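**Q** Let me begin by handing over the structure; questions about it come next.
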Amino acid sequence: MTWLRSITRITSGLGIGFCFGVRSSLYLWLATGECWWDAGWSGLIHTHISDWWSIGVGGDQSIFTKRPASSHQRPTMFAKGVLLALLLSITSSSLDVGPNYAHPLEDLDKDLPFSQPVTFAHLPWERCLAQSHSTPLDIAILGFPYDTSTSYRPGARFGPRGIRAASSREKKGRSYNTVWGVDPFQEGGLSVLDCGDVPVTPFDAAHAFKQMEQGYRQVLWHNTSEGTPWERPRVLSLGGDHSIVLPILRSLKELYGPVSVIHLDSHLDTWDPYEGYTGIASEQSAITHGTFFWHASREGCISKGTSIHAGLRTKLFSPKDYTIDKEVVGFELIEAHEMDDIGVKGIVEKVRKTIGNTPAYLSIDIDGESHFRNEPSATDTLTSARPKHCPSHRYPGERRMDHQGGQEVYQGTRRDQTCGSRCGGGQSTL
């Protein structure tokens, strides 16, 4: 027997049924069309919506391709209709608003700047850290809600949430950047996802650092899209206190070796924990938001002599701090007052000259911008890098740098535990 009759038949209006042919081929029919069998399509779903046109999935059958009659096709007609009625039926059946609604239906599946669950720039959210996650990932947004290693004001665990809220005005389709001449969310057809947060424990700092490194590694070693210009995903990390950079640099070292660091901050964060620091009671307690670069350098994560600070205006324990910063940790530095002396172009040229062609990691601390614009900081620093200089790291001349990572971090909340745009900083692998 060549054909079995349909086991399901919906004859009122437009319906759906199933046809079975020899070799157990399964075909989906809509009441506007017919079922047919093709030996080359065994086991695949197929739809024939009229005498001449068909919609197929897989094989050599194209969408809406004309099928001439052949000995392989033995159509059995179940119903006749028109394609327009079919499409209208599908649309209306998916929008059930109940009785007595007299207004035209519209598509409400849209985002406004202040609507929908909050993701970074309204990007799709996926659980990238799930073992089953396999969606190609080219650029990832990853949160690190951690503040256990801060020395003064906590609260940066709310930073990733605050940064996402502050990004609500950004969205795909309205993101063209006139300075760079690109749309970062649509350029090159990259897969850009918000991967949520690493679930970092607030109770055990040593274990938290293991969790952060594992989470970053999972994303860093994720599969990318076919044709992506890089082998591993680039990661924009949202902090979190600044110590999150240590597990990030440990992860990057395994892929790129020692990387250059561009560090925008009012503080050095290269302090030797055993030179003047108080409260150091264990090996783990020596890792703070002000000492992590010192540890990273000792572990071979930082490229010495090709890393640079910008925006420094901090107080020191003594001039020895600058000596340690340069000779032990390996940073060049630009103090905040130099911005008035050499200007934005001078800053960019100094940064480019320092890092050369080495892989670079960009680290931005919120107090690297302005104390007066961003009150909540884990450690306040009076005086300010002028607000007009904040965009200096976006100067087009930097485009030629080879960014392998980055983050924005900080900081605590003085008045508002929801943070909003006043919380947070970030790190990025870009």
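This table checks each residue for (1) modelled with pLDDT of 90 or more; (2) surrounded by 11 or more Cβ atoms within 10 Å (Cβ to Cβ).
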{"site": "S89", "(1), (2)": "no, yes"}
{"site": "S94", "(1), (2)": "no, no"}
{"site": "A102", "(1), (2)": "yes, no"}
{"site": "D109", "(1), (2)": "no, no"}
{"site": "F114", "(1), (2)": "no, no"}
{"site": "C128", "(1), (2)": "yes, yes"}
{"site": "Q131", "(1), (2)": "yes, no"}
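**Q** Okay, moving on. Of the residues P199, P184, P160, which is under 24 Å from L112 (Cβ atoms) and surrounded by fewer than 21 Cβ atoms within 10 Å (Cβ to Cβ)? Show your work before the answer.
**A** Numbers: P199 fails: under 24 Å from L112 (Cβ atoms); P160 fails: surrounded by fewer than 21 Cβ atoms within 10 Å (Cβ to Cβ).
Selected residue: P184, the only one of P199, P184, P160 that is under 24 Å from L112 (Cβ atoms) and surrounded by fewer than 21 Cβ atoms within 10 Å (Cβ to Cβ).
**Q** Let me ask another. Take the residues in region 187-219 that are among the acidic types (D, E) and outside any helix (DSSP H, G or I), then tell me which one is farthest from F292 (Cα to Cα).
**A** Kept after step one, since they are among the acidic types (D, E), are these residues of region 187-219: 187, 194, 197, 204, 213.
Keeping just the survivors that are outside any helix (DSSP H, G or I) gives 194, 197, 204.
Working: D194: 26, D197: 21, D204: 17 Å.
The qualifying residue farthest from F292 (Cα to Cα) is D194.
**Q** Out of (1) over 24 Å from F185 (Cα atoms); (2) crowded, with 16+ Cβ neighbours inside 10 Å, what's the single condition that is false for T228?
**A** Single failed check for T228: (1).
**Q** Which residue, of D325, D341, is assigned to a helix (DSSP H, G or I) and surrounded by 22 or more Cβ atoms within 10 Å (Cβ to Cβ)?
**A** Working: D341 fails: surrounded by 22 or more Cβ atoms within 10 Å (Cβ to Cβ).
Only one candidate passes the filter, namely D325.
**Q** Is there any pair with a first residue in region 99-114 that is closer than 30 Å to G162 by Cβ and a second that is part of a loop (DSSP other than H, G, I, E, B) and not basic (K, R) whose Cβ atoms are under 7 Å apart and which are 6 or more apart or on different chains, and what are they?
**A** Listed by first residue and then by second, the contacts come to P113/S168; F114/S168.
**Q** Looking only at region 119-178, how many residues end up being under 23 Å from L246 (Cβ atoms) and of a type in the set (V, I, T)?
**A** 5
**Q** Oh, and also: Which one is nearest to P184 (Cα to Cα), of the residues in region 233-265 that are in a loop (DSSP other than H, G, I, E, B), modelled with pLDDT of 95 or more and not small (G, A, S)?
**A** Quick first cut of region 233-265, residues in a loop (DSSP other than H, G, I, E, B) only: 233, 240-241, 257-258, 265.
When the remaining residues are screened for being modelled with pLDDT of 95 or more, the result is 233, 257-258.
Add one more test, that the residue is not small (G, A, S), and what stays is 233, 258.
Values: P233: 15, P258: 27 Å.
The selected residue is P233.
**Q** Which of (1) part of a helix (DSSP H, G or I); (2) at pLDDT below 95 does K315 not meet, given it meets every other one?
**A** Evaluating K315 over (1) part of a helix (DSSP H, G or I); (2) at pLDDT below 95 leaves (1) as the failure.
**Q** Might you check whether a residue that is of a type in the set (A, V, I, L, M), farther than 22 Å from I287 by Cβ, within 17 Å of the chain's Cα centre (by Cα) and buried (at least 23 other Cβ atoms within 10 Å of the Cβ) occurs anywhere in region 233-250? Steps first, please.
**A** Within region 233-250, the subset of a type in the set (A, V, I, L, M) is 235-236, 238, 244-246, 248-249.
Those left that are additionally farther than 22 Å from I287 by Cβ: 236.
If we keep only those that are within 17 Å of the chain's Cα centre (by Cα) too, we end up with 236.
Add one more test, that the residue is buried (at least 23 other Cβ atoms within 10 Å of the Cβ), and what stays is 236.
Yes; the residues of region 233-250 include at least one that is of a type in the set (A, V, I, L, M), farther than 22 Å from I287 by Cβ, within 17 Å of the chain's Cα centre (by Cα) and buried (at least 23 other Cβ atoms within 10 Å of the Cβ).
**Q** From G189, G215, which residue is within 18 Å of G143 (Cβ to Cβ) and either surrounded by 14 or more Cβ atoms within 10 Å (Cβ to Cβ) or out of contact with any helix residue (DSSP H, G or I) (no Cβ under 9 Å at 6 or more places or on another chain) (or both)? I'd like the intermediate steps shown before the answer.
**A** Working: G189 fails: within 18 Å of G143 (Cβ to Cβ).
The match here is G215.
**Q** Condition test on P136, is it modelled with pLDDT of 90 or more, crowded, with 20+ Cβ neighbours inside 10 Å, within 30 Å of E231 (Cβ to Cβ) and assigned by TED's automatic domain parsing to the domain that holds Q284?
**A** Numbers: modelled with pLDDT of 90 or more: yes; crowded, with 20+ Cβ neighbours inside 10 Å: no; within 30 Å of E231 (Cβ to Cβ): yes; assigned by TED's automatic domain parsing to the domain that holds Q284: yes.
Answer is no for this residue.
**Q** Could you go through region 356-364 and let me know if any residue there is surrounded by fewer than 17 Cβ atoms within 10 Å (Cβ to Cβ), modelled with pLDDT of 90 or more and over 26 Å from G181 (Cβ atoms). Spell out how you get there, then give the answer.
**A** Pass one, region 356-364, residues surrounded by fewer than 17 Cβ atoms within 10 Å (Cβ to Cβ): 356-357.
Cutting the leftovers down to modelled with pLDDT of 90 or more gives us 356-357.
Adding the requirement that they be over 26 Å from G181 (Cβ atoms) leaves none.
No - not one qualifying residue is present in region 356-364.
**Q** Is there a residue in region 291-311 that is modelled with pLDDT under 95, under 18 Å from D241 (Cα atoms) and part of a loop (DSSP other than H, G, I, E, B)?
**A** yes
**Q** OK, next. Does region 220-228 contain at least one residue that is part of a helix (DSSP H, G or I) and under 15 Å from the mean Cα position of the chain (by Cα)?
**A** Of all residues in region 220-228, those part of a helix (DSSP H, G or I) come to 220.
Next, only the ones that are under 15 Å from the mean Cα position of the chain (by Cα) stay: 220.
Yes, that holds for at least one residue.
**Q** For residues that are hydrophobic (A, V, I, L, M, F, W, C) and surrounded by fewer than 24 Cβ atoms within 10 Å (Cβ to Cβ), scanning just region 285-300, find the one that is farthest from G356 (Cα to Cα).
**A** First, the residues of region 285-300 that are hydrophobic (A, V, I, L, M, F, W, C): 286-287, 292-294, 296.
Remaining after also requiring surrounded by fewer than 24 Cβ atoms within 10 Å (Cβ to Cβ): 286-287.
Working: A286: 32, I287: 29 Å.
Out of the qualifying residues, it is A286.
The values are calculated or read from the model by the stated rules, or taken from the named source; none is laboratory data. Since the structure is predicted, the reported quantities are computational estimates derived from the model, not experimental observations. No Cβ is skipped: glycine too gets one built from the backbone with ideal geometry, and neighbour counts run over all protein chains shown.
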